[in-house]
Amino acid sequence: MNIGVIVFPGSNCDHDCIHVISSVLGQKATPVWHKETSLTGLDAIILPGGFSYGDYLRTGAIARFSPVMNAVKTFASEGGMVLGICNGFQILLEAGLLPGAMLRNKSLSFICKYVHVKVENAATPFTGLCESGQVLKIPIAHADGNYYTDPVTLAALQANAQIVFHYCTPEGKVTPEANPNGSLDNIAGIRNAEGNVLGLMPHPERCAEDILGNHDGQVIFLSMLDALKKAKLKAVVA
């Protein structure tokens, strides 16, 4: 598989994602500079974390206008798998590929720590190797991770199983105390209605190998690869 990792000015988790895809999982990882206008030959796209364009105006607000984002929108509209991590999630929101917006953390401070998230939907290309209700321990590192949307959109997200991850306790209970940033409904990650675009604030690439003492995040990347392989096999058989 050939996974493209978009690199914006200010991205700082692109090399982490490339390392996981190539060195840990043995797949091809291709850095894609933000001025590129074609994603030909790529099987999936990752928008990594960081501070694209210095987070000026607001997180992701400038990155949405990068030339590559038109290609990302086309890629997604054609069913391509797109994963946005932290700043990547913020960019997907600003670009309209996912509903809602990010507000400043309720504490008004940057938060960098491990949190627990509950897999609410294990029937996505990003969670297919997870069990429903499984709890993953994954780090966060953000100042603007307070997810917000209007009541009608929230109801739609809930009804359509678009909320993929909730912040929770180590035991899997979704409580206000387990919410690190004030995010609406303890939302840590959502998908689009079609299911091929996922945004999440925690950083799975930072806990994807044993040497780090935790590999919980690896299952997200393995799920992506498994879904891609099944899709290619189905296409060959058809």
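Under Stokes-Einstein, with the Kirkwood radius over Cα pairs as Rh, the value for region 55-95 at 10 °C and 1.306 mPa s is 153 µm²/s.
In the elastic network of the chain, a GNM with C-alpha springs shorter than 10 Å, the most mobile of 153, 59, 169 is 153.
Backbone amide hydrogens, once placed in the peptide plane, bring residue 81 within less than 5 Å of 45, excluding anything fewer than 5 places away on its chain. Once Lys and Arg get +1 and Asp and Glu get -1 on their Cβ, which of 139, 218, 62 lies farthest toward the positive end of the dipole of region 2-237? Going by the Cα projections, it comes out as 62. Restricting the trypsin sites (Lys or Arg not before Pro) of region 125-202 to loop positions (DSSP other than H, G, I, E, B) with no more than 14 neighbouring Cβ atoms within 10 Å leaves 173. Relative contact order of the chain: 19 percent, from C-alpha pairs under 8 Å at least 6 residues apart in sequence. Assuming charge only on the beta carbon of Lys and Arg (+1) and of Asp and Glu (-1), the dipole of region 2-237 about its Cα centre is about 220 debye to the nearest 20.
3J(HN,Hα) couplings calculated from phi for region 187-193 with the Karplus curve 6.51 cos²θ - 1.76 cosθ + 1.60 (θ = phi - 60°) are, in sequence order, 6, 10, x, 9, 10, 7, 4 Hz; Gly and Pro show x. On a C-alpha basis, how far is the centre of region 72-116 from the centre of region 1-70 in Å? Whole number, if you could? Region 72-116 and region 1-70 have Cα centres spaced 13 Å from each other.
When only Cα pairs below 8 angstrom with a gap of at least 6 residues are kept, region 38-162 shows a relative contact order of 23 percent. Of the residues 74, 102, 187, the one whose Cα sits farthest towards the positive end of the charge dipole of the chain is 74 (charges of +1 on Lys and Arg Cβ, -1 on Asp and Glu Cβ, taken about the Cα centre). The distance between label points at residue 156 and residue 237 comes to 3.4 nm (points 7 Å beyond Cα on the Cα→Cβ vector). For the chain, list the DSSP H helices whose alpha carbon atoms reach 20 Å or more along the long axis and whose average Kyte-Doolittle value is -0.5 or above? The qualifying helices are 218-237.
Derived value for region 161-238: Kirkwood hydrodynamic radius 14.5 Å. Basis is the mean of 1/r over every pair of different alpha-carbon atoms. Going by a ≥ b ≥ c, the root eigenvalues of the Cα gyration tensor, does region 8-101 fall in the rounded group (a/c under 1.5), the prolate group (a/b larger than b/c) or the oblate group? The shape class here is oblate.
Annotation for region 84-141: GluC sites (Glu not before Pro) lying in DSSP loop with at most 14 further Cβ atoms inside 10 Å of their Cβ are 131.
Rule-based calculations on the coordinates, nothing more; no lab input. Here the structure is a predicted model, which means the values were calculated and not measured. Because the Cβ atoms are built from the backbone with ideal geometry, glycine has one as well, and the counts that use them run over all protein chains shown.
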